[in-house]
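The values are calculated or read from the model by the stated rules, or taken from the named source; none is laboratory data. These numbers come from a predicted model, not from an experiment. Cβ: placed from backbone, ideal geometry, glycine included. Neighbour counts: every protein chain shown.
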Amino acid sequence: MVGYTAPGIPVHPSSIVGQTPPKYTTNSLCLPNTTTSSFPFLSNLPSSFIRSSTQHHVVPKVSFNPQGNYDLSLLDDDDLQAKAPEPMPPKEGRYEVMIDTDVIRRLDLTPFQSATNISSPSSVDPEEYLERTIGFTINYQREDPYDQRELSEFPEIRLWFVRLDATYPWLPLLLDWRAGELARYAAMLVPHQMSMRMGVVFNPEALELFIMKKVFTIYPWLMQQGFSNSKARLKSKDMARMLGFGIGDELFDLIDQYPISSLD
């Protein structure tokens, strides 16, 4: 089992490292069966979508389409579980970032900058990248050919993505969500475990923290880039929803009411 994509896209054990897209055919997003979040403005998907399992957890398998509909299959029993949807291919014409073992070990972000033409955090037109989106192809050479770990379980790969995220903290917004790049990116930064049946099983509190941090980053950034208040909220909510959470407008109201002044 190698690779991972957005919630709802099944794991294909036949996938191997080094293939080109759409090789990353991950993941089911598994969250504990909780009705409330640690944060008052963050909630799981509506309870009307959720059915508890005998193991006391749910497995939200979310399939996204351009109309904004979400097809949820939450059955935990393999015998009862409906066939998962086929993985969606990478978006045609997206920016493709190719990284290999040497790039990863050097913590070199040059391939990202060259592929996307983003030379600095300030040199980006969000509209263009929201339209084309960004994806990654990771050609990582394993020292042990029998090493069955997922790419997101290799510390050196995760460290490369940590540096990337620290440099471009708004990047999750611009990824190819429908091909699974958002969930794949989150798996590089959020503690998780791998399940042969369920895919990526995120630590729920860590995932909540990740989402909240990205909302606090991306919403003001979109406003600074000239997006309307309503569109900036919608984009931020869509990002959280892709990972199985809803965001209340009260949070955005507070951000607007108490903005943080930029330091000169």
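Would you mind telling me which numbered condition in (1) crowded, with 18+ Cβ neighbours inside 10 Å; (2) part of a strand (DSSP E or B); (3) among the small types (G, A, S) S236 fails?
In the conditions (1) crowded, with 18+ Cβ neighbours inside 10 Å; (2) part of a strand (DSSP E or B); (3) among the small types (G, A, S), S236 misses (2) alone.
All but one of (1) modelled with pLDDT under 95; (2) closer than 18 Å to S114 by Cβ; (3) among the aliphatic types (A, V, I, L, M) hold for L171, so report the exception by its number.
(1)
Find the residue count for region 101-110, including only residues that are exposed (fewer than 15 other Cβ atoms within 10 Å of the Cβ) and not acidic (D, E).
Total satisfying the criteria: 4.
Of all residues being within 27 Å of V124 (Cα to Cα) and among the small types (G, A, S) in region 175-209, which is surrounded by the fewest Cβ atoms within 10 Å (Cβ to Cβ)? Just the residue, please.
Among those residues, the one meeting the criterion is A179.
Condition first: under 14 Å from L159 (Cβ atoms) and in a strand (DSSP E or B). Now tell me which residues in region 88-114 satisfy that.
The one that is under 14 Å from L159 (Cβ atoms) and in a strand (DSSP E or B): I99.
For region 201-211, indicate whether the set of residues that are closer than 13 Å to W170 by Cα, hydrophobic (A, V, I, L, M, F, W, C) and in contact with a Phe, Trp or Tyr (Cβ under 7 Å, 6 or more places away or on another chain) is non-empty.
yes
Here is a list of conditions, (1) without any contact (Cβ under 8 Å) to a residue 60 or more places away in the chain; (2) outside any loop (DSSP other than H, G, I, E, B), and P145 meets all of them except one; can you say which number that is?
Checking P145 against (1) without any contact (Cβ under 8 Å) to a residue 60 or more places away in the chain; (2) outside any loop (DSSP other than H, G, I, E, B), the one that fails is (2).
Which count do you get for residues in region 95-134 that are of a type outside the set (F, W, Y) and under 21 Å from S236 (Cβ atoms)?
13
So is M98 surrounded by 17 or more Cβ atoms within 10 Å (Cβ to Cβ), among the aliphatic types (A, V, I, L, M) and either under 23 Å from W170 (Cα atoms) or modelled with pLDDT of 55 or more (or both) or not?
No: the conditions fail for M98.
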